[in-house]
1. How many residues are out of contact with any Leu (no Cβ under 8 Å at 6 or more places or on another chain) and assigned to a helix (DSSP H, G or I) if we restrict to region A:18-46?
2. Working carefully through the options D:ILE257, D:ILE263, D:ILE276, D:ILE244, find the one that is surrounded by fewer than 20 Cβ atoms within 10 Å (Cβ to Cβ) and part of a loop (DSSP other than H, G, I, E, B).
3. Working only within region C:46-82, note down all residues that are in contact (Cβ under 8 Å) with a residue 40 or more places away in the chain, farther than 15 Å from A:PRO388 by Cβ and among the hydrophobic types (A, V, I, L, M, F, W, C).
4. Would you check which residues across region C:308-329 are among the charged types (D, E, K, R) and closer than 22 Å to C:ILE284 by Cα and list them?
5. Among the helices (runs of 4 or more DSSP H) lying completely within region C:62-167, list those that include at least 2 residues that are of a type in the set (Gly, Ala, Ser) and out of contact with any His (no Cβ under 6 Å at 6 or more places or on another chain).
6. Does A:PRO241 fit the bill of being touching a residue at least 60 places away in the same chain (Cβ under 8 Å) and closer than 30 Å to A:GLY27 by Cα?
7. Which one of these does B:ILE120 not meet: (1) buried (at least 23 other Cβ atoms within 10 Å of the Cβ); (2) more than 8 Å from every other protein chain (Cβ to nearest Cβ); (3) over 27 Å from A:GLY145 (Cβ atoms)?
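The values are calculated or read from the model by the stated rules, or taken from the named source; none is laboratory data. Remember, predicted model here, so these are calculated numbers, not experimental data. Please note: Cβ atoms are built from the backbone with ideal geometry, for glycine as well, and neighbour counts cover all protein chains shown.
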Amino acid sequence: MYIIVLGILFLIMILTPLIFKNLKLTGFVTIFGATLVLGIVFKIITLVSGGSPLSYFNEFFYIDSLSVVQLLIIASINIIVSIYSYQYIGNEIKEKIISLKRGKFYYFLFNFFVFFMMFIALTNNIVAMWIGLEGTTLTTAFLIGFNINKNSLESAWKYIIICSIGIGIGLIGILIFVNAYSNQDASEILKWSHLAKNSNPQSTYSIKIAFTLIFVGIGTKAGLAPMHTWLPDAHSEAPSPVSAMMSGVLLNLALYVILRFYIITKHIPGLQNTKWLFIIFGCVSLIISSFSILRQLNYKRMLAFSSVENMGIIALGLGVGSKVAVFGALLHSLVHAFGKSMLFLTAGNILSAYKTKRIDKINSLIKTMPMNAVFLILGMLVITGAPPFPAFFSEYYIIVGTVETGNYFITALYSFCLLLVFAGFLRVFIKIVFNTEPGVKYAKMEEDKENILPLALCFVSIIIMSLLMNGYLSSMINNAVSIICD
Amino acid sequence: MIEALLTIILISSIFMSGFRRIKLITAGFIFQSAAIGLIVLKLGYETGKVDYYILGILTIVTKVIIIPLIINKSVKKLKINREMELIVNGFVSYIITGIGIMIAFGILNKSQDNFLKTGIALFIIGVLLMVARKKAITQMIGFLIFENGIVLFETSLSKMSLVIEAGIVFEGLMLALIMGIMIFHINRTFDSINTDFFENLKE
Amino acid sequence: MLPLINFQKDWLSLYFIFIIILIFIPVAIYTKGYILEYKKHYSANYMLVLIGLFVASMIGVVASSNAISFLVFWELMSIASFFLVIYEYMHKENLKAGIFYFVMTHISGLFLMIMFAFLYKYTGSFDFSEIIKFSANFSSKQKYIIFILALFGFGAKMGIVPLHAWLPKAHPTAPSNVSALMSGVMLKVALYGFIRVIFIFLGSAPLICGVIVLIIGTTTAIFSILNALLQNNIKKLLAYSSAENIGLIFAALGISMILINYNLLMGASLALTAALLHCLNHAIFKSLLFLNAGSVLYATSTKNMNELGGLHKSMKVTAICTFIGTCAISAIPPFNGFASEILILRSFIEAITMVSNIWIIILIFSCGIIVALTSGAAFYATAKSFGITFLGKPRSQKAEHVKTIPRSMNIGQIILAVLAIITGIFSPFIISKISYYTNNLLDISGKNSSFKNETEIIIFTMILIIITFILYMFNRVNSINKNVVINDTWACGYNSDKPYIQYTGSGFVQPAAKIFGNIANYNKKVNYKKSINISQTTSDIVEDYLYKSSLKAVNFLTTKILKINYGKIQLHILYIFISLIIALILVLKFV
Amino acid sequence: MKYNLFYFFQSALIVCLSPLFIGILKKMKSTLRGYKGSSILQPYYDLSKLLKKGMVISNRSSFITTIGPLVILAAAVTTTFFIPVFYTSMENTIGNLFILMFAFGIVKIFTVLIGLDSASTFGGMGSSRESFISMMAEPLIFFLIIFLYIETKDFNVFHISFINSKIVHFDTAHLIAMVTFSIGILAENARIPFDNPETHLELTMMHEAMILDLSGSDLAYVELSSYIKLIVYLIILINCFVPIGIATTFTATALLIGFITFIFKLLFCLLGIAIIETTLAKSRLFRGAELFPAMISLGIVAITLIYIL
C-alpha cells in the first residue's frame, strides 16, 4: 500500500518537469511530494518500530529497522534539498546561468535520483539493489556535469568511468554470490531476507571472493579510499544541492548495500573475519582523507574529503563490530547526512554569493554573510564531532568499540585522523568566517538571507536528534544494531 | 558451436587490446558482442528458456547495433581515428593481456566453465583498455568490453528473473548512451577527447 | 548507554565548584565594565553568552558523575573557551593562537575519550560510582595505561611541558576576564580530572607514575617560570607563570603518589592537601593578576610592559590590587600564595625524610631544589611585572594618557584582592578543612598529626600588624614639623624627565637572561645603524623543536598522500584493481 | 606567660642591640684594615640623625615608598619574635623556619619595589640584581630547611636549637651545611662578595642602590631593618648549627651562660664577616652567581652524607 503510494508520488514528481512548462510548479510539486514521502516514511517508521519487518509484493520490498534508518535519511535530506533547490534553480535561471529547459531537466534527474535511492532502501532483492545503485550513477552523472564546463565535465567523466567500473565489479561479485547459493530455491535466492536466515552456501570459498568483489566494487561508489578518487572532483563540481544529496545520502546508501551483504556473509561460519575489510578500508580512507583535508584550496573539495573520512569512520565502526561501535556507526551515518548536507548547502550559498570556491578569496564571512557564517561554524562543529551534537557520541562510541575489542592501534590511528581532520577544518573555516584583512571594508551581502531555511531545517533536525538521543532514536538504531550484530 | 563463438570472442578481444584505430576496435567490439549474443541465443535454444532469448536479443540489439552506432557517430564528429600516444604500447599490451589471461586461467584451472574463463579474459582486456589508453572513447569501449564480460558471467552463473536481467542490460545501454553524450560534450568544451586534458581539478 | 546528566556531590567536586564560583563572581562583576571596551567592534552579548556557557560547562565537568557527561561538558568547555579566545577575531594572530589552542585541547579531549573507553572496558561502566567500586581490582598494567592517557589528556589542558605551548598563546589573546577564568579556573578543572582519575579511580598508581608526575611537574615549573621571566608581554608572563604554578601543583601530586606507594599516607595526605590548597590560591591570585592586566590593557591599550610605567598614579586601585596579587604569587606572608607554597615545600621535605629508597630521596631532593629555585624566579618575574608596569615613570604616551576604569572593574579586582588576603591569613582553617577530606580519602582520618603549628601565620600577621601600627604612630609623631620636599628624582645631574633612563623590563631580567637565556631561546641583537638599537627575542624551545618538527612530518606526509588524489584517470582505475587484488589476496589468505 | 615575656625581652634586646653589633662589625673592619674607624655607637648616631631630618621624596614615588620602609622595619622586627636568642625550649609553638624565611620575603619585595619606584636608573639596577641574587639564593634556604629537618625532624627554630644543643660532636655534613648557610647569609644580606655595603659606586652597589632615593626617617627605618636582618640571620645560624651553651632551662645561671656564649658566638661571626670583607673584593655579579650552584652541590653532598654515613 505505502509502496504503491510512494511509487505514484515519485511518478508524479518525475513526470511533472516533463509535462509542465512552469518551473515554479515543478519546484512546488517536488517539495510537496518530498513532504508526503517524509510523512509516509514516518508512518513506516512507526510500523517498523516494534522490531518486526514489513514486506510487500512477495517480499520484493522489505523494510526492517536497518532500512528505516536509510529511509529516514533519504526522505529528510530530500525535503531539505528540495526546498534549497527551489531557490537555487530559481536564482541560476534568473542570473542566466542555465536555461529553463535545463532547470526542468534538473528536477527530472533529481527526482529520478531520489527515486532510485528510495528503491535501494526499500528493496529486498539483492540484484535490484545493484540496479538501484547503477540508476543513481546514471542520474547523477548528468547532475554532476550539470554546469557544462571543463571542470564539471572532467569530474563527471571520472565519476561515470570509475563508478561504473566499481559497480561492474560489484555486479560480478553479486553474480558469484548468488551462484554460491545455487543449492537453494531459485525463487528465493535473490531475496536478502531469505539469504540472511540461511547461512549454508554451496561454497564458502566463492562467497569470500564474491564479498570481496562486492566490497571493493560498491565501496568505490561509497567513496572508500583508495577508490575514492572520483569523489572530491564530483562533489566539488556538482551543484551544491546535488553534492549535499550525494555526500549525505548516496555514499551512505552504497555502504548500506555492502552492509546488507556483510550481514549475510557474517553469519556464515568461518567468515567473520571479513570485518577486517571494513576496518582496513576504513582506516585507509581515514588516513588519506584526513591528510588530504589539511591542504585544500577549495572548500567544497574539502567537504568532499570529509565525506570520505566520515565514510571511513562508519566503515570502521561497522567493522569493529561490537554493539557500541555499530551503534556509533549507524548514528554517525545519520548525523553525517544532516551535518554534511548543511555544510554543502551553506557552501552553495557562499558559492553563489562569492562566485568562487577558493578558500583564500573568502574572508570575514561573519561580517558579509553572518547567518551563513553561523551555520558554517555550527556545521563544522557538528561534523568534527563536538558535543552536544550527536556526532560526538557516534565518534566516541566507535572509539569505545575499538578499545573494547582490543584494537588499540586502530584507536590511536583513528584518533590521530580525527585530530588532523579537526585541525584542517578549524584552520579553514575559522579563516573563512573570521579572518579580517586590514584595511578592507566588509559590507553585508544581500545573498545572505536568501536560502537560509533549509540550513535551519538541517540544524533543527540535528538538535532534535540530540534531544531524541536517549529515547526514540536510540531504540530505532538499537533495533538496527540488533539486525547487524545478532 | 559455443566453443567456436568463445574462440571468436577471445581472439577479437586479444586483438582489441593492441589496436590503435578506433574503427578497428569498434569492429572487434561488434564481433565480440555478436558472438556473445549468439551464445546466449544458443543457450536459450538448448534450455528452452525465454530468459535467454530475450537477453540475447537485447544484447545484440544494444551492443551490435545501437552502441556501435553511437560510437561511430561520435568518431565521425570528432575526427579521431586512432590513439596517438599509448600509455602502454601495443606490443606490451599484448604481452600483458597474455600474461593476465594466463594467470586468470591458472587460478581457475579447476573450473570447467569456459564462460567464466572467457569472461575474466574480457575483464582483463577491458581494464587494460581503460587504464592504458588516453582517449575517452577508448575508455568507453574498454568499459563496454568489461560489461560484455559481465554478460558472459551472467549467463554462466545466474538464475535471475527476467525483469532483473532486462534491468541490467538496459542500464548498460543507458550507460553507454550517457558516456556517448558526455564524450560529445567533452569534445565540444575541450576540443579533444584526450584525457590528458583532464587536469583542471588539481589543487 | 547514553548520558543522563546526574550530578554527584562528593567533597572533591564541591571543592572545585566552590573555586569556580568563587572566581566567577568577581570576574562577572569585572566583566560588566570591561566589556565596554569591546562594544565598538564586537558584540557584547556574544561574549556574555559564551562566558556563561564556559562557566556552566566547567561546573558541569566538575559535577559530572558519568564519563559521557564529563566528556560532553569537557568539550563544551573547550568550545566555549575557544570562541572566547578568538573573541577579538579581527587580529590575525588571535585566530592562529585560537586554532592552536583548540587543536591542543582537542588532543586532550581525544586522550580523555580513549581513557574513559579503557575505563569502560575494564569496569564495564561509564558511571563514576561503578568505576570507584572496581578501583581495587585494577591490575598494574591497566593502571599504567589509564595513567598515561590521563597524563596526556589532562596534561594537555593543564599545560604541562611539553604540552604547554598553547598557554602562552591563548591566554594573551583572550580578553582578560576570560584569561582570568581560563587560567584561574579552567586549568584547575583539568587538575580536578587528574586528581579524580588517579587518586579516586585508581586509588594508587604505581611508583613510576608518581615519579613521572613529579619530574614532569618540576620540569614544567622551572621551564615555564624561566620563560615567564623573559617575557615583556604582561599577559604572556602571567600565562607562563600559570604553567609554573600548575607544575608546582603537579609536583606535589607526584610526591603524594609516590608516598601512597610506600604506604606513607600521612605525607601523601599532606602533599595532596598542598596541591589542593594551591589550586584555590592560584585560582584567586592568578585571576586577580589577569584582571589587573586587563585593567592596564583597558586603560592604556598595550600589553607590552616596556611601554608602560608609572601607572600607580592614574590607576591607584589597580596598582594596589596588583601589588597584593604580586605579593600573593611570590609567597609573601600573610598573602595566600605563601600558605600553599610552604605546604608544598614541606611535603617535599617530609617526603625526603619518610621515604627509604635512596634514589627516590635523591630525586625528590633535586626536584625540591628546583622547586625552590622556581619560587625565587617567580618572585623575580612578578616583581618585574608589577614594578615595571606600575612604578616609575611612564615610558610612552600610552602610559601617560590613561582611560579611567569603570567602577565595576575595580570592584571585581578588590574582591579578589580581599580574598587573597583572607585566604592567606585564615589558611590554617582552610588547610584543616581540606586535610580532613584528604585524610578521609586516604583512610587515615583521626590521625591528624601532620598539621600542627599551622595557626602560627595568624600570630605572625597579628604581630606584624601591631608593630606596623606602632611604627606608624611613631612615624606620625616623628614627622610632625618636618619639612617634606617633593621633587624630581635625582638623575646624576642629567635631565631626569627622560623616562628611558629607567630600567626596562628586558633590562630588569638581564642577569637571568644571561644565565638561563638558553631555556627561553633568548637572543640579543645590537644594531649600530644610525642609532644604537637593541632587539631581544625569546621563543619557546619546546615549540620550536617538538611542535615544528611534528608539523614538518605531517606536512611531508600530506605532500605524499595528496599525490594519491591527483593524477590521470587511468591511474585511478588502476587503484581500484590494485586494491581489489590486494583485498582478494588478504581475504583468501586470512579469512 | 613568663616564657612569652622572656621571649619578648630577648627579641626587644635584639632590636635594640643590632645597631651596636653593626657598629662593632664596622669597628672590626677598620681595625683589620689598620685605621681607627668610627665609634661602635656610630650606627645609633646615624639613625637618630636621620630620624631628625626632613625628607626628600621623588614626585614619581607611590604608596610603596610611603609604606615600604615602615613595613620593612616592622617585618624585620617581627622576625625577632620568632627566634630563640639565648634561651630555648620545646614548648614553644611559634618559630616556624618557613615563616621566618618567607617573612624576609616581605623585606625583599619592598626593597626591590622601592628601587623601581622612584624612576631612577640605579634603583632599577639594584632591584634587578637583588632579585637575581635572591632567586639564586632560594634553593640554599630550602636546602637549609631540609637539612635541619632531616637532622631534627622539626621545622621550629626553637625546637631545632633545643635538639641541636645536645650535640657535642658535629659531623661533616653538619659543618658543610653550616658553611653553605653562612654563604647564604652573605648573599641575602648584601655583603661581600655579592655586594659591597659600603660603597655608593653605581656599578657595584645593589642594596644601597635600591634605597638611594630614600631619605630622612625612611632611610633610618630601612637601615635599621637591614641591621636587624643581618643579626637575625646570624642568630639563626648560631642557634641552629652551633647552639652549644644556649639556655635550655629557665634558671639564672643557665641564662647567664647562654647569654655570654651567645655574645661570643655572635662576635665571632661578625669577626668572620669582617675578615671576609677585608680580604675579599666584591666579585662580578655573575661570578657571585656561580657560587650558588657550588653551594647547592655542597648541600647535596651534605644531605647524601647524612643518608649514607
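1. So the answer is 18.
2. D:ILE244
3. Result: C:MET47, C:ILE51, C:VAL55, C:MET58, C:ILE59, C:VAL62, C:ALA63, C:ALA67.
4. Within region C:308-329, just C:LYS316 meets the criteria.
5. Because the criterion is at least 2 residues that are of a type in the set (Gly, Ala, Ser) and out of contact with any His (no Cβ under 6 Å at 6 or more places or on another chain), the helices (runs of 4 or more DSSP H) in region C:62-167 that meet it are C:67-85, C:92-123, C:140-158.
6. When the stated conditions are applied, A:PRO241 passes them.
7. The failed condition is (1).
Residues checked against (1) modelled with pLDDT of 95 or more; (2) in contact with a Gly (Cβ under 6 Å, 6 or more places away or on another chain); (3) under 18 Å from C:HIS106 (Cβ atoms):
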position: A:MET369; (1), (2), (3): no, no, no
position: A:ASN372; (1), (2), (3): no, no, no
position: A:PHE375; (1), (2), (3): no, no, no
position: A:LEU381; (1), (2), (3): no, no, yes
position: A:THR384; (1), (2), (3): no, no, yes
position: A:PRO387; (1), (2), (3): no, no, yes
position: A:ALA391; (1), (2), (3): no, yes, yes
position: A:SER394; (1), (2), (3): no, yes, yes
